[in-house]
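Enquirer: Handing you a structure now.
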Amino acid sequence: MPSDPHYDVVIASGGNAALCAALVASRAGAGVLILEAAPMHMRAGNSRHTRNVRYMHEGPEHNLVGSYGEEEFFQDLLQVTGGETNEALARLTIRASADLGSWILGNGVRWQGPLKGTLQLSRTNAFFLGGGKALVNAYYQEAERLGVDVRYETEVCDFVPADGGTKVEFTAHGETWPVMAKSVVVASGGFEANLEWLARNWGEAAPKRGAAWLARRAGVPLVPIAIAGTEKVMGRGAHRIRRAPVRVVVCEPIRPADYAAEEDPLGVMTAEWHRRVDAALRET
């Protein structure tokens, strides 16, 4: 149960967009609650897997070289969308992105340069040091410092208009709880993590079904690999990558045929993958 049943802003989800909204609202003096459906170690959804961002800049800054102006940015966007773009909204967003590099840096995220040989990306794409997980961890740390209330494993199930705001109902630990909000932000993203919805829209070609699904479909073994020692390369709170030895352990393959009789073969294969990797890490 939240410590305060009344908030200025309640945010459904805990990914990149949700965290940005939380930081801005909190700095404006609002009391903010984030309701994240995932457990803490899986928080932020697909934001954990991102690597970089594009924003408009008129000259070199941070680790970007050259310039990336509004018109070029807009033309790139048109290529991605096939021309199905609201130009007024797109240009507004592009122009507003000009201060994004400094804003992200001011919230604890560090930039890194692109890999050598990626000349085009060094001008257009700004890379997060440590990737998406480092990005969201920095945002959560800053949100905690600002006093943002975060509740994990809480699934928002309803929004009910009420006097003075909105009643947000969510489930946590098998119980349903209400909380009042003056404003609500829904930032739950797309349905890329929902296999049922993916299959409904993409059919059998649905992407992101995981390594176990791919191994079973292709009829090849799933080979778990554990990498130990990465905390010495870039530990918690570190802003630089250091040289340090790491150990790569190739575990015994998981053969899909051995799990064909299981009621949920993909789930059992995935659990076995986690078990073997965890065991390998404990032995190193």
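Enquirer: Would you call ARG243 over 25 Å from the mean Cα position of the chain (by Cα) and assigned to a helix (DSSP H, G or I)?
Expert: So ARG243 fails the test.
Enquirer: On the given criteria, is LEU100 outside any loop (DSSP other than H, G, I, E, B), farther than 16 Å from GLU61 by Cβ and modelled with pLDDT of 90 or more?
Expert: Against the criterion (outside any loop (DSSP other than H, G, I, E, B), farther than 16 Å from GLU61 by Cβ and modelled with pLDDT of 90 or more), LEU100 does not qualify.
Residues checked against (1) modelled with pLDDT of 70 or more; (2) farther than 18 Å from MET269 by Cα; (3) basic (Lys, Arg); (4) assigned to a loop (DSSP other than H, G, I, E, B):
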position	(1), (2), (3), (4)
TRP197	yes, yes, no, no
LYS208	no, no, yes, yes
ALA212	yes, no, no, no
VAL220	yes, no, no, yes
ILE227	yes, yes, no, no
ARG236	no, yes, yes, yes
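Enquirer: Here is a follow-up. Taking TYR152 as the residue in question, decide whether it is surrounded by 12 or more Cβ atoms within 10 Å (Cβ to Cβ), touching a Cys at 6+ places or on another chain (Cβ under 9 Å) and closer than 20 Å to VAL186 by Cα.
Expert: For TYR152, the condition - surrounded by 12 or more Cβ atoms within 10 Å (Cβ to Cβ), touching a Cys at 6+ places or on another chain (Cβ under 9 Å) and closer than 20 Å to VAL186 by Cα - is not met.
Enquirer: Every residue in region 7-32 that is part of a strand (DSSP E or B) and either surrounded by fewer than 21 Cβ atoms within 10 Å (Cβ to Cβ) or under 15 Å from the mean Cα position of the chain (by Cα) (or both), please.
Expert: Once the filter is applied, which keeps residues that are part of a strand (DSSP E or B) and either surrounded by fewer than 21 Cβ atoms within 10 Å (Cβ to Cβ) or under 15 Å from the mean Cα position of the chain (by Cα) (or both), region 7-32 yields ASP8, ALA12.
Enquirer: Got a sec? Which of PRO60, PRO114 is surrounded by 18 or more Cβ atoms within 10 Å (Cβ to Cβ), in the same structural domain as TYR140 (by TED's automatic domain parsing), over 30 Å from CYS157 (Cβ atoms) and modelled with pLDDT under 95?
Expert: One residue alone meets the criteria, PRO114.
Enquirer: Now for a different question. When you look at GLU142, is it within 24 Å of HIS41 (Cβ to Cβ) and more than 24 Å from the chain's Cα centre (by Cα), yes or no?
Expert: Details: within 24 Å of HIS41 (Cβ to Cβ): yes; more than 24 Å from the chain's Cα centre (by Cα): no.
No, not satisfied.
Enquirer: Looking at region 33-52, is at least one residue surrounded by 15 or more Cβ atoms within 10 Å (Cβ to Cβ), of a type in the set (Gly, Ala, Ser) and at pLDDT 95 or above?
Expert: Checked region 33-52: no residue is surrounded by 15 or more Cβ atoms within 10 Å (Cβ to Cβ), of a type in the set (Gly, Ala, Ser) and at pLDDT 95 or above.
The values are calculated or read from the model by the stated rules, or taken from the named source; none is laboratory data. Because the structure is predicted, anything quoted here is derived from the model rather than measured. Because the Cβ atoms are built from the backbone with ideal geometry, glycine has one as well, and the counts that use them run over all protein chains shown.
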